[in-house]
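Visitor: Just passing along the structure, written as structure tokens.
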Amino acid sequence: MTSSPHTITRRVLGIASVVTAMFGRELQAQSMPSSSRNGPAKSDVRLTVNGQTHDLALDPRTSLLDALRDHLGLAGTKKGCDHGQCGACTVLVNGVRLNACLSLAVAREGDSIVTIEGLAADGKLHPLQEAFVKHDGFQCGYCTPGQICSAVGMLDEIQRGVPSAVGDLAAAPQASSVEIRERMSGNICRCSAYPNIVAAIMETQGKTEGRAG
Amino acid sequence: MAQVIGQAIDRIDGRAKVTGAAAYAADNRAERMAFGSIVTATIACGHVTSIDANAARRMPGVLLVMTHGNAPKQAPFQAKADDRHARPKPQLASDKVEYFGQPVALVVAETAETARAAASAIVVTYEKAEGAFVLESASGAAYNPGKGPTGAPSDSKLGDFDKAFADASVKIDAIYKTPYQAHAMMEPHASLASWQDGKLTVTSSLQLVESAHKSIADTLKLEPDKVEVISEYVGGGFGGKLPVFGDAILAALAARELNRPVRVALTRQQMFHVTTHRPASIQRVRLGAERDGTLSAIAHQSLAQSARADEFAEPIVFSTRSLYAAPNRMTSQRIAALDLPVADSMRAPGEAIGLLAVEQAMDELAVRLDMDPLELRLRNEPKEDPEKKVPFSTRALVPCLQEGARRFGWDKRQARPGQVRDGNWLLGMGVAAAIRGNFLREAEARVTMESERHAVVEMDMTDIGTGSYTVFAQIAAELLDLPVENIKVKLGHSSYPDTPGSGGSFGASSCGAALHDACTKLKAKLAKGEGAQGLSVTGSVKPGDDYKRYSQYAYGAHFAEVGIEQTTGEVRLRRMLGVFAAGRILNPKTAHSQLIGGMIWGLGSALHEDAVLDPRLGAFVTQDLVHYHVPVHADVPQVEAVLLDEFDAHANVLGSKGVGELGICGAGAAVANAVYNACGARVRDYPITLDKVLPALTRRQG
Amino acid sequence: MRAFTYERPADVASAMKAASQPGASFIAGGTNLLDLMKIDVEQPTHLVDISRLPLREVGETADGGLRIGALVSNTDLAADQRVRQRYPVLAMALLNGASGQLRNQATAAGNLLQRTRCPYFYDVAMPCNKRQPGSGCAALAGFNRMHAILGASQACIAVHPSDMAVAMAALRAEIEVQTPAGLSRKVPIAELHRLPGQNPERDTTLARGELITAILLPPPPAGRQTYRKVRDRASYAFALVSVAAIVDTADGKIRDARLALGGVAHKPWVPKEAERELVGAAADAGSYEAAARAATREARTYPHNEFKVPLTERLVARTLSDLATGG
């Protein structure tokens, strides 16, 4: 989607530091592009999160993730990598799971966003939340909101017949453990509660997981 | 008294975690909070010659640029101390650069976006010095680091290893290599610092609150009572949050400078250099045995990286001293100082990588003996600790191996590689032993009755995912004969009673024993008729000399089945079983989670994890979760952990041992041994990626 | 991330105009552009958000092919029944890429234009000719396990990271491009991505301000299709080597064969010689192995990626064999 990004990169090339004598070369730092004296203008954004509408004035650089966490106080959505590599920031946008870190908040105007804080209704936990507690589908809990939101979106994708790399393209997908593992692979859990997470998700589908021995 | 300890109850903090209500360090905000962004060095060794921050300072919203030129004076770094994690950690203290990624400046701005952009706009120039970065080239500079943290010497000798090895009928002499590894916990390090009336509060992501409290207070030259450190929820630690890093110190300095709260968070990329890592190692293992498999000689020697900036000796060979019987033995560990980021503890420091070598060597010996590798281990079961010559407090390696073999279907394993197929996949099974030292540390705990039927437990202990909140509630509930939901557990504040924190798998036992003491004393007071309301008792535990009189370890046995795609060499786990005995299990649900987590770490260390060093730069080039691979869901099919009943009366009053690290110990070796059994590839250079397996497949197919 | 201004034009014409200003860049899914902006590798000063332009349709073309709107998400494209039935190689490639979340957000055109994952490209403190022309290629004598074995230069040995583009190369897709002058032109996918040569900073042949509006798939080729990706973990990892293959056999002979390789070059690599050797050859192991060898004949390796040559050969031969036997 970028228009010839190389020309842009070359034009405003700015390197944070100068490294001398590396590989016998010098990296020349160039000056920053002159930013406007008033700083980046704020953009007005209307975000709809968990059914509530919020009017915000944001630096256009603000990611959806930072908008949720630092501007709306919805810190349940976590920042694990800020680059779409871990899934901790997974939220539902118009019902579809996305990495909030790779969305600009300004680009989400008018979208309906659901975060972990919006899953429990009237104090009653979502079935996936219940199942995660029961199956100990976490340890430190940091990836958990992302795992749960991702699981909500993932199960909906299976419902809608979205295929995966491990299924038969010609058949309707099932919420088997193999499918769940493949489809949840964008959510890293370093505590490695993976087997428990899969068991929790399976239980909400009325299924149980086999054992290793 | 209802039995609550040992029940598999759900985590009491579970609801907070699944609803997003649990507040981790960077989830906290404060009025007028400013945002800090760290600038890191892009050379590994040398000096900063100039810092041009003009462009950054001109950016609207930039509040402060801190460099070594204007950073407040802090206490000097100390190379040695009783508690390495309580030492001062001065930041921006001089122009000297000791490792790639070392913080060289901090920018604070009104918004996170501005802070980050301004940090990028700072131009640092350096004078680069020569550095040493390659462990393989540093063996000449290797040295003996002296005694380890538990007082164990770096070297040990028993009998005459050289002679016994020379005389042995069957021998293994092999070199194993393990790479640099990153903790890669999901929550990046972050701190929020604020000052009020001369008192500093730092909310951070820490394993050791007491150590961090001392480190921060000493660094800033503050009286201890002028500092409060808070760490209520920690998004994973694994050793990587034992130390205090620049985020905490710089946030504190900047907040004082600006007289407003400052949050500093590391980026995922920065974590790979700013924080610690597991050092790479080169290990030589020699085993000598009789034809019947009886070991006559064991030698384990290690060389590991240590940072020139801060010495750390990975205790690689220690457990080898207690694992198998053999009359003639020697172990030695050496470290080499390199100009790299700081190496420090990562989940099961020592055993995690030591067993990757020793337990693969045992498999190699079994192959050479034409013996079942499980049988080889049974044959070398010692009756007492083979080097310390003291009894084992408990030792259930044999039952773990036998129970695991039965459950896993070990009898279906084919001895020769390449015999079992599933379509285009070659299948194999591997076994390895798990051993992990058990420790008890000094701890205190306070329990206070809020009413006749409600109690509050307070400790500066942390819950890094281990289940601390839950097991302490269980202990207090059982001893005070109250329902678990009537126990409030408050952790992670430096104002609470001192504990050793989360590290070395000693947390639950040490803190649990102190809490046991507090509850027992409290109950005695209640029995004497003291009124419950407001009654508060502090209990404690101090390690006795049982750890000297007994050899104290937790044990286990790992069984792994892998598939090797015979065209491509892709290695995938099929299933894995661990059977463990670790004293009394305080909560089987959370213990099981820790154990399978550890096993999956073992899988990662066997197949995936590799922080690749560029020796020209002295830098890791794998700086994110795209390039530093940890296992994902799809890599982890069935993984199961089984716990055998045990009570270690010599460990502590609860009879418990740590389980947080046991799961990783030996797990990777079981996977490596399964790879060999599947296809005949003996890969001694971890991780076992397909490029290392392909040559064996090519040979097999001619 | 450097400061930028943001606008979301209502139609393609306004978007083209907005993108004509210096420093402007289109953004749609943003999964790679924002990723790179956060670490200063990309530094646009103006973002033109095209994500809501009406380019989200998958439609049938008069010749029996498909026209894929530039903004169709990777998930929607893989889920499209016509793609699954007639172009399974494309659905498989898409589903082997990235994660569920990223596939929901990433667009078809954005996938084509994603930039290399060479770790040196990703760190502004390290030399990289692609990021900073003239600074040198750190991978050449550095960590080059993931890097190219075909078509690289001394200036750059990076590989293109897309799976989808590899399948599209095998399918001989065409890229529909809108020029700033308001014209539409078509670029065969083989001519969209460049080899690095002396200008590795240029990934594609697109001119400044040009916008991909659609991807055109010709009618489905005869024969069986598959995509096979080899990677270091079971999911969510870039390819070490991947192959998209379409093989049509009859009476023991190969009537047609189309191949494209991923993870081996600066662009999706079509091994023309291997394809030529296959057409008309006996449908047997000997032909597949000969084709596999032909595919890597020009290979040049670096210290950490020597394994890619035997891996590519084994993968190509095996994939062809599996396709021919229906495996």
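The values are calculated or read from the model by the stated rules, or taken from the named source; none is laboratory data. Because the structure is a prediction, the values reported are computed rather than measured. Using ideal geometry, Cβ is built from the backbone for each residue, glycine included, and neighbour counts are taken over all protein chains shown.
Visitor: I want to confirm something. Restricting to region A:152-175 and keeping residues that are part of a loop (DSSP other than H, G, I, E, B) and touching a residue at least 12 places away in the same chain (Cβ under 8 Å), which single residue is nearest to B:V234 (Cα to Cα)?
Guide: A:A175
Visitor: Within the bounds of region B:81-101, is there any residue that is free of Cβ contacts under 8 Å to residues at least 60 places away in the same chain, surrounded by 23 or more Cβ atoms within 10 Å (Cβ to Cβ) and assigned by TED's automatic domain parsing to the domain that holds B:E210?
Guide: yes
Visitor: What pairs can you find where one residue is in region C:242-257 and under 22 Å from C:K308 (Cβ atoms), the other is outside any strand (DSSP E or B) and of a type in the set (S, T, N, Q), and their Cβ atoms are less than 7 Å apart, with a gap of 6+ or different chains?
Guide: Sorted first by the residue in region C:242-257, then by its partner, the pairs are C:V243/C:T319; C:A245/C:T319.
Visitor: Looking at the structure I just gave you, is B:S495 in a loop (DSSP other than H, G, I, E, B), small (G, A, S) and over 20 Å from the mean Cα position of the chain (by Cα)?
Guide: So B:S495 passes the test.
Visitor: Restricting the search to region A:130-151, which residues are under 19 Å from the mean Cα position of the chain (by Cα), assigned to a helix (DSSP H, G or I) and either at the interface with chain B (Cβ under 7 Å from one of its Cβ atoms) or surrounded by fewer than 24 Cβ atoms within 10 Å (Cβ to Cβ) (or both)?
Guide: Residues satisfying the conditions are A:F132, A:T144, A:P145, A:I148.
Visitor: Select from region B:613-627 the residues that are in contact with a strand residue (DSSP E or B) (Cβ under 6 Å, 6 or more places away or on another chain) and not in a strand (DSSP E or B) and write down the one among them that is farthest from B:E98 (Cα to Cα).
Guide: B:T622
Visitor: If you scan region B:26-35, which residues turn out to be within 11 Å of chain A (Cβ to nearest Cβ) and over 27 Å from the mean Cα position of the chain (by Cα)?
Guide: Once the filter is applied, which keeps residues that are within 11 Å of chain A (Cβ to nearest Cβ) and over 27 Å from the mean Cα position of the chain (by Cα), region B:26-35 yields B:R29, B:M33, B:F35.
Visitor: If you scan region A:166-179, which residues turn out to be farther than 30 Å from B:I464 by Cα and facing chain B (nearest Cβ under 9 Å)?
Guide: Once the filter is applied, which keeps residues that are farther than 30 Å from B:I464 by Cα and facing chain B (nearest Cβ under 9 Å), region A:166-179 yields only A:V166.
Visitor: Would you call B:I585 β-branched (V, I, T), surrounded by 24 or more Cβ atoms within 10 Å (Cβ to Cβ) and within 12 Å of chain A (Cβ to nearest Cβ)?
Guide: The answer is no for B:I585.
Visitor: Can you run down the residue pairs with Cβ atoms below 9 Å, 6 or more apart or on separate chains, where the first is in region B:681-702 and closer than 16 Å to B:Q360 by Cα and the partner is among the polar types (S, T, N, Q) and assigned to a helix (DSSP H, G or I)?
Guide: Going by the 9 Å Cβ cut-off, the qualifying pairs are B:R682/B:Q360; B:V683/B:Q360; B:R684/B:Q360; B:Y686/B:S605; B:P687/B:S605.
Visitor: Would you mind stating whether B:Y496 is crowded, with 24+ Cβ neighbours inside 10 Å and out of contact with any Ser or Thr (no Cβ under 9 Å at 6 or more places or on another chain)?
Guide: No.
Visitor: If the requirement is being β-branched (V, I, T) and either surrounded by fewer than 24 Cβ atoms within 10 Å (Cβ to Cβ) or within 20 Å of the chain's Cα centre (by Cα) (or both), which of these qualifies: B:I564, B:I596?
Guide: B:I596
Visitor: Quickly run through region A:176-213 and pick out the residues that are assigned to a loop (DSSP other than H, G, I, E, B), crowded, with 24+ Cβ neighbours inside 10 Å and among the β-branched types (V, I, T).
Guide: A:I188
Visitor: Another one. Could you list, in sequence order, the residues of region C:119-162 that are touching a residue at least 60 places away in the same chain (Cβ under 8 Å) and not in a loop (DSSP other than H, G, I, E, B)?
Guide: Matches in region C:119-162: C:C156 only.
Visitor: While we're on this one: Would you mind listing the strands (runs of 3 or more DSSP E) fully within region B:62-137 where at least 2 residues are small (G, A, S)?
Guide: Fully inside region B:62-137 and qualifying: B:103-109.
Visitor: Identify, from the list C:A250, C:A257, the residue that is away from chain B (no Cβ under 14 Å) and surrounded by fewer than 24 Cβ atoms within 10 Å (Cβ to Cβ).
Guide: Answer to the check: C:A250.
Visitor: Let me ask another. Quick one: which residue in B:I43, B:I38, B:I5 is assigned to a loop (DSSP other than H, G, I, E, B) and either on the phi > 0 side of the Ramachandran plot or more than 9 Å from chain A (Cβ to nearest Cβ) (or both)?
Guide: B:I5 is the lone residue from the list that is assigned to a loop (DSSP other than H, G, I, E, B) and either on the phi > 0 side of the Ramachandran plot or more than 9 Å from chain A (Cβ to nearest Cβ) (or both).
Visitor: Now for a different question. Can you tell me which of C:L55, C:L66 is farther than 16 Å from C:M168 by Cα, more than 8 Å from every other protein chain (Cβ to nearest Cβ) and either touching a residue at least 24 places away in the same chain (Cβ under 8 Å) or buried (at least 24 other Cβ atoms within 10 Å of the Cβ) (or both)?
Guide: It is C:L55.
Visitor: Name, by its number, the condition in (1) at pLDDT 95 or above; (2) within 9 Å of chain A (Cβ to nearest Cβ) that does not hold for C:R208.
Guide: Tallying (1) at pLDDT 95 or above; (2) within 9 Å of chain A (Cβ to nearest Cβ), C:R208 fails exactly one: (1).
Visitor: Shifting gears a bit: Please determine, by comparing only the residues of region A:103-116 that are more than 13 Å from chain B (Cβ to nearest Cβ) and aliphatic (A, V, I, L, M), which one is surrounded by the most Cβ atoms within 10 Å (Cβ to Cβ).
Guide: A:I113
Visitor: What's the number of the condition A:T77 fails, among (1) crowded, with 22+ Cβ neighbours inside 10 Å; (2) more than 10 Å from every other protein chain (Cβ to nearest Cβ)?
Guide: Exception for A:T77: condition (2).
Visitor: Answer yes or no: is there a residue in region B:176-198 that is without any contact (Cβ under 8 Å) to a residue 12 or more places away in the chain, among the polar types (S, T, N, Q) and not in a loop (DSSP other than H, G, I, E, B).
Guide: yes
Visitor: For region A:89-97, does any single residue satisfy the condition of being part of a strand (DSSP E or B), in contact with a strand residue (DSSP E or B) (Cβ under 8 Å, 6 or more places away or on another chain), facing another protein chain (nearest Cβ under 7 Å) and closer than 16 Å to B:K17 by Cβ?
Guide: yes
Visitor: Follow-up. Would you confirm whether any residue within region B:681-695 is outside any loop (DSSP other than H, G, I, E, B), hydroxyl-bearing (S, T, Y) and either crowded, with 22+ Cβ neighbours inside 10 Å or within 13 Å of another protein chain (Cβ to nearest Cβ) (or both)?
Guide: The answer is no; no qualifying residue exists.
Visitor: Could you tell me whether B:F647 is among the aromatic types (F, W, Y) and either within 12 Å of chain A (Cβ to nearest Cβ) or over 23 Å from C:E306 (Cβ atoms) (or both)?
Guide: Criteria met by B:F647.
Visitor: Taking region C:13-23, which residues are more than 9 Å from chain A (Cβ to nearest Cβ) and either crowded, with 17+ Cβ neighbours inside 10 Å or closer than 23 Å to A:K42 by Cβ (or both)?
Guide: C:S14, C:A15, C:M16, C:A18, C:Q21
Visitor: Additional query: So in region B:498-527, with the set limited to residues that are modelled with pLDDT of 95 or more and outside any helix (DSSP H, G or I), which one is nearest to the chain's Cα centre (by Cα)?
Guide: Filtering region B:498-527 for residues that are modelled with pLDDT of 95 or more and outside any helix (DSSP H, G or I), the one nearest to the chain's Cα centre (by Cα) comes out as B:S502.
Visitor: Going by the conditions given, is B:E228 under 25 Å from the mean Cα position of the chain (by Cα) and either over 24 Å from B:R268 (Cβ atoms) or buried (at least 24 other Cβ atoms within 10 Å of the Cβ) (or both)?
Guide: Taking the combined requirement at face value, the residue does not satisfy it.
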